[in-house]
Every structure is written in C-alpha cells, then in structure tokens.
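**Student:** This is the structure I have questions about; it appears just below.
Just so it is clear, none of the values below were taken in a lab; they were calculated from the coordinates. These figures come from a predicted structure and were not determined experimentally. Reconstructed Cβ throughout: ideal geometry from the backbone, glycine too, with neighbour counts over all protein chains shown.
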Amino acid sequence: MSLASSESGPVAADPRGSAFVRACRQEPVPHTPVWFMRQAGRSLPEYRKVREGIGMLESCTRPELITEITMQPVRRYGVDAAIFFSDIVVPLKAVGVDLDIVAGVGPVVAQPFADWADLDRLPVLDPAQVSYVDEAVRLLVAELGATPLIGFAGAPFTLASYLVEGGPSKNHEKTKAMMLGRPDLWAALLDRLADITAVFLRVQAGAGASALQLFDSWAGALAPVDYVRSVMPASAKVFAAVEDLGVPRIHFGVGTGELLGLMGEAGADVVGVDWRVPLDEAARRVGPGKALQGNLDPAVLFAGTDAVDAGVDAVLAAAADLPGHVFNLGHGVLPDTDPDVLARVVDRVHARTAR
C-alpha cells in the first residue's frame, strides 16, 4: 500500500488524487489512465486456478475470493484502477430471483417475467442482503491504497432484458414487446430495477469505491426514440440516486453510437465508447462537460505487436484534444487474450502520454 506522511504519522494515500479519478473529472493528469473491462477473469491463468470448482455466483459472495480476483490484474498489469469482481445479476439473485449463470450461456432465469404479478418477485434490495459486497470492497480499499476501485452494476434495461427473455437474447423481441406493448408494466419493472441497482451501487461506494460504472450492455439494441421514452428515465434515476456520493459515474453500453449523447444526458460524468465510433467523433456526439472512456477494439489484441501498437496510438490520437480520457477497450477483455499483450498496452499508453 502506498503511504503518505502527515504530522500524525503515515496515512493511506487518497485514490481521489489518482490519474483515473482526475481524468474522470476532466482534471490534469500525469498520464492517461488505463484499465480494462473484464480485466479480472478468464484471460488470466491465476483466475482460472483460483476459481476451480467454484461456481460464478458463489465466487461473487466470498469476500476473500473477490478480493484476490480483483487484485490479480492490478498486480500483473499495473492498471490505474481496479474493477470490483462481481456480476450484474448478483443483486437480482440477492433479492430472491431464481437464476443461475450457465457456463457458455450466461445468466438464465428459471421463470421469465411476463406480468404484473412478477413484480412481487423483485422486492427492494436490503444492503444486508449483499453484506459480502460491503466486506469485499472494504478489504480491497485497504489493499489497493492509492489505486481506485470501480464499483459497478447492470443498468435497468439490461437487467430487465435478462428477466423478460429468460437469458441472453440476440433480438430482444420479448423485451421490446413488453416495452412497446405494455408500457405501464415496463415502466414499473424498470423503476423497481432502478431502485435495486441504486442500493447495490450505494453499498459499494459507501464501503469505499472511488467510482461507479453502470453497464447497459444491451442498450445498443434500441432506437434513440425508444431509449428516451422507455429506458433513459430509469437510468437517470440510478445516476440521480448516487449523485450525492460525490464519486465519478460512468455509463457504458455496446453498439451505442447513436445513443452516446443521450447516455451522457442520463447523468453520467464519463461516457464509455465502444470501438465503432472514434473518440473525437464521440466527443462531438456527447458534447462538452463529459469525460470519455475507451475504445480499442478487443480483437486488435490478437493481431500482433505492430497492429496493437498502431491501435493504441490511433485511440490516443483521437483522444488527444479531450479534456478527460480514460483508456480502455471498446468492450471486455476476450477470454483467449494473451495477458502479455494487455501489459504491453498499459506500458505503451503510460509511456506515450507521460507529462
């Protein structure tokens, strides 16, 4: 742990002064900060070893295991932020939804949501139901010292899609059918999910997380008019519910090029951008006052050293005039990614942006 001295003796360094938090706030930084979505997980052999014989949802309830997994990429890569190891369906499981994470499939809900009576299966989340999250965050904050920890949750739309579809979906036809055909039920479902999500995020920030990211993984399936009418109010409710905590709020989705400005308007301080839109164009769409995060294509990491270096340099060039930039991939680290390539990306970003 990094320490700073004071008249009363050594105290833990404050992650609020880190390059990551400063970039999120559009403040001057010593270098462009780097972290990777899914930096902890399947691409690391040490992760696979420590997870042997332990189901995904169970691993998300063990504070010591959460801490170890979250720390693995920090030790290996020297990234500028840690991302809390969990899953977006953890709060749903905590309130009693019968679901499981099936290997090779993803979250699967035993009884998909279809009617008003199903709302009774979504009580308000009690922080005590995720006490293991509070404990794990406190363990991590103590170990990370000056390195910030990012807490996260799934956005109401993405969570609703899993609940209504019963699992992952390519077309989200059941989700959109409810959204467009039964708007009152849809609005009530998203409002309930917004309350659950807000509690889950507040638990993490209350235990010491330095930033919060809302993953709206499937929002790219939406037309802007549907996002504004049927999804944005619930996301805005989540961001408003954590505004008083004073930590940067990040909003990310995949395939959301047409929604970037709206996602910023929902209340985020930082808008995550996938690889489809260059960061300079993304900045134009989002408008002033927001930092950007992204956006190297995860597949570039398989293309060889020259292509990786060129990809990193292209992202940095597109972000050169931004007042706040957090380097990341345009989505999560793919399972077969070579960890040494990720280490190279971190080193190159730091070296080329050192000030």
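**Student:** If you plug each phi of segment 209-217 into the Karplus form 6.51 cos²θ - 1.76 cosθ + 1.60 with θ = phi - 60°, what whole-Hz ³J(HN,Hα) values come out, in order, with x for Gly and Pro?
**Tutor:** Result, rounded to whole Hz: 4, 8, 7, 9, 10, 9, 8, 10, 4.
**Student:** Per the Debye formula with a single identical scatterer at each Cα and no solvent contribution, what log10 I(q)/I(0) holds for segment 14-353 at q = 0.10, 0.11 Å⁻¹?
**Tutor:** Ignoring solvent entirely, the Cα scatterers give -0.55, -0.67.
**Student:** While we're looking at this one, here's another question. Please arrange TRP275, TRP116, TRP186 by how many other C-beta atoms lie within 10 Å of their C-beta, fewest to most.
**Tutor:** Ranking TRP275, TRP116, TRP186 by Cβ neighbours within 10 Å, fewest first, gives TRP116, TRP275, TRP186.
**Student:** How large is Rg over Rh for segment 260-331, taking Rg from the Cα atoms and Rh as the Kirkwood inverse mean of 1/r across Cα pairs?
**Tutor:** Rounded to two decimals, Rg over Rh is 0.99.
**Student:** Shifting gears a bit: From the C-alpha coordinates alone, can you work out the Kirkwood hydrodynamic radius of segment 97-210, in Å?
**Tutor:** 15.5
**Student:** Hey, another quick one. In the chain, what is the count of Lys pairs whose alpha carbons are under 27 Å apart, counting only pairs at least 8 residues apart or on separate chains?
**Tutor:** Lysine pairs meeting both conditions in the chain amount to 9.
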